[in-house]
Structures are given as structure tokens and as C-alpha cells.
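Only the coordinates and a few stated rules stand behind these numbers; no lab work does. Quick caveat: nothing in here was measured; it's all calculated off a predicted structure. Glycine also receives a Cβ, built like all others from the backbone with ideal geometry; neighbour counts cover every protein chain displayed.
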Amino acid sequence: MKHFLYIFFMLVLCVSCGQDYIPKPNAFLRLEYPEAQYKTINANLPFTFKKNNLATSIKYKKLPASTESYGINIEYKSLKGTIFLTYKAINGDKKVLTEYLRDAQKFTLEHTIKADEIPVFPYENKERKVYGVFSEVKGNVASPAQFYVTDSVQHFLVGSLYFYAKPNYDSILPAANYLQRDMTQIMESLHWK
């Protein structure tokens with residue numbers, strides 16, 4: 001009986017030491033968002049656009065600086081983010097247009113301190129007279145995407161994306177990519193009144 005136990009323990013010892021331990025690879029969170037469904041927003045604004053139905057609320061306010069300036073907040077509570085839109089009338093004043101363009105570009109360039117890269121994508125739709133630029137700001141920045149569009153005569157609209165969390169590029173990247181597509185949809189569906 002002793003020999004049987006001895007052989008059994010040796011067999012178990014030999015079988016259990018057959019392979020080296022291999023650690024499991026790191027797991028990554030897989031976030032999936034619903035396919036975007038867009039609806040045209042035709043509010044009391046000088047323009048219309050399409051917004052994603054995933055947005056939980058949209059808030060409008062007339063800005064105190066002028067009767068022709070509006071602030072629009074498109075909130076995505078499930079993504080913990082908001083797209084902020086600001087509309088300003090130009091009224092044919094080239095100096096005002098130049099000032100608005102300078103401010104919009106300056107806002108994007110302020111992110112160069114923390115940004116890894118800022119790819120810029122021009123946008124033009126001659127039929128609807130919508131011209132502008134979309135900027136994706138890569139890195140641990142407060143606003144990972146901005147855009148501005150204008151008709152160069154009467155209208156100017158600037159948009160930016162913010163999250164309710166500390167900017168950690170790797171963590172917010174899936175949500176940022178999803179909302180950047182919504183920002184692109186806003187630009188592409190914009191119609192001036």
C-alpha cells in the first residue's frame with residue numbers, strides 16, 4: 001500500500017508540473033453604442049440640423065450679447081458628454097467674420113499644449129453655402145473635437161465636444177469617436193434659413 005501511495009503522489013507531481021504558467025493578457029473594455037438615428041431639429045433658430053436620437057436633451061438659449069446669438073447644448077447623459085453649439089450672426093460684416101474665424105481657430109490651437117495631434121478636415125457644401133473646418137484634437141484634452149461653419153455672409157456656427165470626466169484619451173476614445181460622427185452629421189445636415 002505504501003508503494004501505491006508513493007507511485008500515486010509521484011504521478012500527480014509529474015503530471016501537475018507539465019507546463020509553465022502563462023499569465024492571461026490584459027482585457028480591454030468593449031463599448032458598443034446603438035446605431036445612430038437622426039432627426040431634423042427645426043427650432044426657432046436661423047438654421048436647421050439633424051441630431052442623434054441618443055441625445056437625451058437639447059437646450060436652447062438666446063445669448064445676452066446680442067439678439068442674433070444662440071447657445072445650443074446637445075446632451076448625451078449615457079456617454080457623459082455634451083456638444084455645445086454657438087450661433088452668431090455676421091450680417092455681412094467682413095470684420096466680424098474675420099474675428100469669429102480667428103476666435104474659433106484660436107480655441108482649437110489652445111489645445112496644442114496637451115494635444116498629441118490636431119488633424120484638420122475642411123468641409124464645403126456649395127449648394128447649401130456651408131463652409132468650415134472640423135478639428136479632431138487627439139490626446140488628454142478638455143475638448144476632443146471642434147468645428148466651425150459659415151456661409152461667409154450672414155451666419156457663423158461653432159461647435160465643441162466636452163465630457164463630464166477628467167480627460168483620459170484612451171478611456172473616452174470610443175465615446176469621442178461616436179460623438180464626433182454626430183458632429184460631422186450636424187455639419188453635413190446644416191441648412192441656413
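Gly92 fulfils the conditions (1) in contact with a helix residue (DSSP H, G or I) (Cβ under 8 Å, 6 or more places away or on another chain); (2) in contact (Cβ under 8 Å) with a residue 40 or more places away in the chain; (3) not hydrophobic (A, V, I, L, M, F, W, C) except for a single criterion, (1).
More than 28 Å from Lys138 (Cβ to Cβ) and surrounded by fewer than 15 Cβ atoms within 10 Å (Cβ to Cβ) - does that describe any residue in the range 68-78? No. Each residue in the range 38-69 was checked for being over 16 Å from His191 (Cα atoms) and assigned to a strand (DSSP E or B), and 8 of them qualify.
The residue that is nearest to Gln146 (Cα to Cα), among those in the range 70-96 that are assigned to a helix (DSSP H, G or I) and not basic (Lys, Arg), is Leu79.
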